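Worksheet for the structure shown next.
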Amino acid sequence: MIEAVGLTKRYGPKTAVQDLSFSVRPGIVTGFLGPNGAGKSTTMRMLLGLDTPSSGHATVNGKRYAEHRAPLREVGAMLEARAIHTGRSAQNHLLALAATHGIPRSRVTEVIDLVGLREVARRRAGGFSLGMGQRLGIASALLGDPATLILDEPVNGLDPEGILWIRNLLKSLAAEGRTVLVSSHLMSEMALTAEHLIVIGKGKLIADTSVAEFTAGASQGGVRVRTPQADELAELLRRNPEITVTAEDEADVLTVEGADSETVGRLAADHRVVLFELTPRQASLEEAFMELTKDAVEYDAVVAPRTLVEEHAA
């Protein structure tokens with residue numbers, strides 16, 4: 001289990017993390033989300049003892065990271081997958097890590113096979129592709145067979161097969177009762193992998209909730225309707241001034257706002273309108289994240305001004 005209590009980190013006049021408290025429970029995958037500059041990396045570094053908090057503290061399995069006699073056996077971490085000696089082979093990199101914690105050579109072979117690097121295990125890591133480097137970083141995190149995993153952007157650089165592999169791996173590790181904390185900017189992947197979310201913005205906690213509750217809280221409302229009698233149903237619904245009906249680009253699909261599924265369904269039944277679909281609309285994780293963090297974005301994108309050529313053409 002990971003516990004952060006009142007974590008604060010200041011760099012001179014800048015406060016990167018402010019009074020941040022949360023718990024990461026075993027048995028589920030917890031996503032750690034936030035816009036760029038939110039303080040995620042700083043927080044993970046404090047969890048691992050790489051940065052000293054200005055105030056507050058963090059523990060992993062009941063102890064500060066530095067207090068564990070064999071940290072690799074307690075916490076597997078990947079903050080920067082390419083933080084390796086580029087002249088070493090993948091196998092020798094893992095053997096060097098294993099030697100510092102009394103981990104047997106057989107475990108090195110196991111994790112090499114687990115992450116799919118057997119064929120390149122003796123190649124220098126400096127020549128690895130981004131995806132192969134990610135797999136080596138994950139192998140390093142798994143080397144001590146730890147009860148807790150902290151991974152930053154583990155799917156970065158992986159191909160579709162690799163993304164599916166890491167998704168299933170994280171879920172299986174959590175199912176074994178391990179604590180899994182994963183930071184990622186890929187909302188679509190987090191929606192498929194995580195059950196719980198910790199969301200921060202500008203160094204402060206924004207949400208600590210399940211994925212289902214997070215998206216439900218940002219539900220867009222309305223109902224998606226698919227019917228071969230779209231025009232007829234739209235006319236019936238518009239008789240109520242409180243209902244708004246929008247025809248979507250997809251054929252025979254309407255978006256209805258101001259009425260729930262039951263209201264639309266009853267109206268359709270009363271007028272013998274055939275329905276193929278009647279689905280309440282709910283925000284995706286990406287939409288919910290964008291809505292919740294819109295005031296916590298540190299680096300806003302701006303629309304680039306038109307070039308002189310464009311202005312002249314206009």
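The values are calculated or read from the model by the stated rules, or taken from the named source; none is laboratory data. Bear in mind that the values here come from a model prediction, so they are computed numbers and not experimental data. Ideal geometry is used to build each Cβ from the backbone, glycine not excepted, and the neighbour counts take in all protein chains shown.
Couple of notes before you dig in:
- Test: residue in the range 74-86 that is within 16 Å of residue 181 (Cβ to Cβ) and in a helix (DSSP H, G or I): yes
- Criterion: aliphatic (A, V, I, L, M), closer than 30 Å to residue 129 by Cβ and surrounded by fewer than 14 Cβ atoms within 10 Å (Cβ to Cβ) - qualifying residue of 99, 66, 90, 70: 99
- Test: residue in the range 277-290 that is modelled with pLDDT under 70, touching a strand residue (DSSP E or B) at 6+ places or on another chain (Cβ under 9 Å) and assigned to a loop (DSSP other than H, G, I, E, B): no
- Checking residue 27 against (1) under 30 Å from residue 121 (Cα atoms); (2) modelled with pLDDT of 95 or more; (3) not charged (D, E, K, R), the condition it does not meet: (1)
- Selection count where residues are in contact (Cβ under 8 Å) with a residue 60 or more places away in the chain and among the acidic types (Asp, Glu), scope the range 176-220: 2
- Enumeration of residues in the range 87-110 that are outside any helix (DSSP H, G or I) and among the small types (Gly, Ala, Ser): 87, 89, 102
- In the range 124-152, the residues that are among the small types (Gly, Ala, Ser) and in contact with a strand residue (DSSP E or B) (Cβ under 8 Å, 6 or more places away or on another chain): 125, 137, 140, 141, 144, 147
- Near pairs, Cβ below 8 angstrom, 6+ apart or cross-chain, from the range 45-63 (assigned by TED's automatic domain parsing to the domain that holds residue 19) to any residue that is of a type in the set (D, E, K, R) and assigned to a loop (DSSP other than H, G, I, E, B): 45/51; 49/64; 57/64; 58/64
- Boolean, residue 136 is among the hydrophobic types (A, V, I, L, M, F, W, C), within 20 Å of residue 108 (Cα to Cα) and within 19 Å of the chain's Cα centre (by Cα): no
- Within the range 158-172, residues that are under 17 Å from residue 137 (Cα atoms) have Cβ atoms under 7 Å from residues that are among the small types (Gly, Ala, Ser) and surrounded by fewer than 19 Cβ atoms within 10 Å (Cβ to Cβ) in these pairs: 158/131; 159/131; 162/131, counting only partners at least 6 apart in sequence or on another chain.
- Tally of residues being under 34 Å from the mean Cα position of the chain (by Cα) and surrounded by 16 or more Cβ atoms within 10 Å (Cβ to Cβ) across the range 220-244: 5
- Candidates 188, 129: the one that is closer than 28 Å to residue 288 by Cβ and assigned by TED's automatic domain parsing to the domain that holds residue 21 is 188.
- The set of residues from the range 171-200 being buried (at least 18 other Cβ atoms within 10 Å of the Cβ) and more than 26 Å from residue 217 (Cα to Cα) comprises 173, 178.
- Subset of the range 126-152 [without any contact (Cβ under 8 Å) to a residue 40 or more places away in the chain and not in a helix (DSSP H, G or I)]: 128, 129
- Answer residue from the range 1-51, given it is outside any strand (DSSP E or B) and among the polar types (S, T, N, Q) and is surrounded by the most Cβ atoms within 10 Å (Cβ to Cβ) among those: 43
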